[in-house]
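*Asks:* Pasting in a structure now, in structure tokens, and then I'll have a few things to ask.
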Amino acid sequence: MLVEHARTLVGITDATHTEYGATGTAIVTLLACSLDGTQIDIAIAQSSRLASIYGARVAVEQTTCNYGLEPAHAEIATMHGMRAVAVDDTGEVRAVERADHPFFVATLYQPQLTSEPGKPHPIFIAFVDAAAVAEK
Amino acid sequence: MPTITVLIDSPPTARYHAATVNALGHAIDERDDRDSFTIDVVHTDAISTIGDAVVIGPGTPYNDPRAAEAVITSARERGVPLVAT
């Protein structure tokens, strides 16, 4: 999502993910320290959709991420309608969303890993609710 | 009858593929209209149309990153709910 945002809206037409090679402007890059297989504490922005979804301003999540938003381009997460709505305890962006859209959320962690039968993750509950509304 | 497109390239046996589809199922199972939902799992190099909502699953590099970006652009411009993990 961040590469698409950079290419289409921010105007960084050669934006890329370093996993695809060295050419272009790297927007998503290898983390200095892999988070794969770890739990992270996230702080969620006030008045965000994500805060409404969680009903809280903090959460603990699991992640498999080896990549993150390149710090030199962190400002793109706050441009053209995108909002950085969660950061980890190092200050790195862990979630973004758009306020001008029915439901447009990206996480740099994996909420599906903590979903259980009878206890779905709140992001998936909210997403499925949005899907039901969209279909009508 | 909402159709949710799950764009993911890893095989169904992969942990994150299964976790993504299962998480959708957990949320759908809590609803009275659970039987109306369809989950359509598609690889990035096979996507043609998207459903009423889209999940961009984990697992870069994608088979077709430009197709994944096109799906994101379309969902954003058309107001189709999207979650990317």
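The values are calculated or read from the model by the stated rules, or taken from the named source; none is laboratory data. Please read all numbers here as calculations on a predicted model, not as lab measurements. Cβ coordinates were reconstructed from backbone atoms using ideal geometry, including for glycine residues, and neighbour counts include every protein chain displayed. Side chains included, ligands, DNA and RNA excluded: accessible areas come from the protein's heavy atoms. Shrake-Rupley method; radii C 1.70, N 1.55, O 1.52, S 1.80 Å.
*Asks:* Within the range B:67-79, restricting attention to residues that are touching an Asp or Glu at 6+ places or on another chain (Cβ under 7 Å) and facing another protein chain (nearest Cβ under 9 Å), which residue is nearest to B:Ile39 (Cα to Cα)? Please lay out each step first, then the result.
*Replies:* Step one: list which residues in the range B:67-79 are touching an Asp or Glu at 6+ places or on another chain (Cβ under 7 Å), which gives B:67, B:69, B:72-73.
Add one more test, that the residue is facing another protein chain (nearest Cβ under 9 Å), and what stays is B:69, B:72-73.
Details: B:Glu69: 20, B:Ile72: 18, B:Thr73: 21 Å.
That would be B:Ile72.
*Asks:* Answer with yes or no whether A:Arg98 is surrounded by fewer than 23 Cβ atoms within 10 Å (Cβ to Cβ), at pLDDT 95 or above and within 13 Å of chain B (Cβ to nearest Cβ).
*Replies:* Details: surrounded by fewer than 23 Cβ atoms within 10 Å (Cβ to Cβ): yes; at pLDDT 95 or above: yes; within 13 Å of chain B (Cβ to nearest Cβ): yes.
Spelling it out, A:Arg98 is indeed surrounded by fewer than 23 Cβ atoms within 10 Å (Cβ to Cβ), at pLDDT 95 or above and within 13 Å of chain B (Cβ to nearest Cβ).
*Asks:* Could you list all residues from the range B:1-38 that are aromatic (Phe, Trp, Tyr) and more than 18 Å from B:Asp52 (Cβ to Cβ)?
*Replies:* The answer is B:Tyr16, and nothing else.
*Asks:* Which of the residues that make up the range A:108-117 are open to solvent by less than 10 Å² (accessible area, probe 1.4 Å) and either on the phi > 0 side of the Ramachandran plot or within 11 Å of the chain's Cα centre (by Cα) (or both)? Explain how you work it out, then say what you get.
*Replies:* Initial filter on the range A:108-117 (open to solvent by less than 10 Å² (accessible area, probe 1.4 Å)): A:109-112.
Hits for the range A:108-117 are A:Tyr109, A:Gln110, A:Pro111.
*Asks:* Could you please give the count of residues in the range A:1-33 that are within 11 Å of chain B (Cβ to nearest Cβ) and touching a helix residue (DSSP H, G or I) at 6+ places or on another chain (Cβ under 8 Å)?
*Replies:* 13
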